[in-house]
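The values are calculated or read from the model by the stated rules, or taken from the named source; none is laboratory data. Predicted, not measured: the structure shown is a model, and the values here were computed from it. Here the Cβ is made from the backbone with ideal geometry for all residues, glycine too, and neighbour counts use every protein chain on show. The protein model used for the area step is the full one, side chains on, heavy atoms only, and it has no ligands, DNA or RNA in it. Shrake-Rupley method; radii C 1.70, N 1.55, O 1.52, S 1.80 Å.
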Amino acid sequence: MSVLSWGKYLLEHATSTNGAPAGAWTAIDTPREGSGTLTPTQGNETNANEEGGDLVDSRRGKTTYTFEWYNFVKKGTSAPFVDDDGLVAGEHALRITPEDPDCEGIQIDRCTISVQEEFTSADGKLLHYTAKALKPAAGKSVKPYVAGSLTVTPTALYFANAADSTGKTITATSTGNVSATADESWITVTCSGKVATVKVTANNTGALRTGNVTVTADGNTAVVPVMQIPA
């Protein structure tokens, strides 16, 4: 067993529809050793300076991410994607499972993919893939992923003391629809598609109360803590 997300990793692909993975995950041929790289690019910085150069305020755009890998061109093996002069049509989802599947990998719900053909005498012909992460349907553009777990957004819910009959939603990154259960009677949960809606009664106990909603899809589960403050 390992404590780090290193070593030989499993790279899988699915189509992305409406900003979320759709359809089955398919394994991509094992990349060239050491070629899987997730590169962050810090968002653009905008500064407000007053006369004299003193900094009054500063803001920065969100970080963007690019994942790159190389596949060997092997005899009798097809490329994982069909391209038109380097452009791969459509939107895609990727997930990376470390050599030790209990360690945390990554999942990209929505990205575009491009490819360049390269050649060296040491490695032969190579396909250099670049995946540009895009804004997904929910959550961050790069999410943590652990094999056997379900990725959901948000990972916890917080309610005021009053009853909430509108509810707050939990969105799963899954190919199938979700089911969900609550472990406390003051929590109710309903499901539609890949979304679970959580509602609570008023908290008149005088103390913080906590519970859990268990969301299931694709044979995987996620437990989302629910917290409600007292009056």
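Structural remarks
- Any pair with Cβ under 8 angstrom, 6 or more apart, that starts in region 4-16 at a residue that is farther than 16 Å from Glu33 by Cβ and ends at one that is open to solvent by 70 Å² or more (accessible area, probe 1.4 Å) and hydroxyl-bearing (Ser, Thr, Tyr): Glu12/Thr26; His13/Thr26; Ala14/Thr26
- Restricting attention to region 118-137, the residues that are without any contact (Cβ under 8 Å) to a residue 60 or more places away in the chain, in a strand (DSSP E or B) and not β-branched (Val, Ile, Thr) total 5.
- For Val223, the conditions (1) closer than 29 Å to Leu94 by Cα; (2) modelled with pLDDT under 95; (3) open to solvent by less than 60 Å² (accessible area, probe 1.4 Å) all hold with the exception of (3).
- Criterion violated by Pro136 - all others in (1) at pLDDT below 95; (2) in contact with a Phe, Trp or Tyr (Cβ under 7 Å, 6 or more places away or on another chain); (3) not hydroxyl-bearing (Ser, Thr, Tyr) satisfied: (2)
- Of residues in region 51-66 being open to solvent by less than 100 Å² (accessible area, probe 1.4 Å), in a loop (DSSP other than H, G, I, E, B) and not small (Gly, Ala, Ser), the one farthest from Phe81 (Cα to Cα): Asp54
- Single residue of region 2-42 satisfying the filter (at positive phi and part of a loop (DSSP other than H, G, I, E, B)) that is nearest to the chain's Cα centre (by Cα): Gly19
- Residue count, region 193-226 (criterion: free of Cβ contacts under 8 Å to residues at least 12 places away in the same chain and small (Gly, Ala, Ser)): 1
- Hey, Thr130 more than 22 Å from Glu68 (Cα to Cα) and among the polar types (S, T, N, Q) or not: no
- Exclusive hit being outside any strand (DSSP E or B) and not polar (S, T, N, Q), set Ala196, Ala207: Ala207
- For region 189-206, the set of residues classified as farther than 17 Å from Pro154 by Cα and either open to solvent by less than 50 Å² (accessible area, probe 1.4 Å) or under 29 Å from the mean Cα position of the chain (by Cα) (or both) consists of Ala202, Asn203, listed by residue number.
- Residue count, region 151-182 (criterion: open to solvent by 60 Å² or more (accessible area, probe 1.4 Å), at pLDDT below 95 and not in a strand (DSSP E or B)): 2
- Identity of the residue in region 80-98, in contact with a His (Cβ under 9 Å, 6 or more places away or on another chain) and either in a strand (DSSP E or B) or without any contact (Cβ under 8 Å) to a residue 24 or more places away in the chain (or both), that ends up most open to solvent (accessible area, probe 1.4 Å): Arg95
- Within region 99-117, residues that are over 20 Å from Ala147 (Cβ atoms) reach partners that are open to solvent by less than 40 Å² (accessible area, probe 1.4 Å) and assigned to a loop (DSSP other than H, G, I, E, B) with beta carbons closer than 7 Å, at six or more positions or on different chains, in the pairs Arg110/Gly19; Arg110/Pro136; Ile113/Phe81; Ser114/Gly86; Val115/Phe81; Val115/Gly86; Gln116/Gly86.
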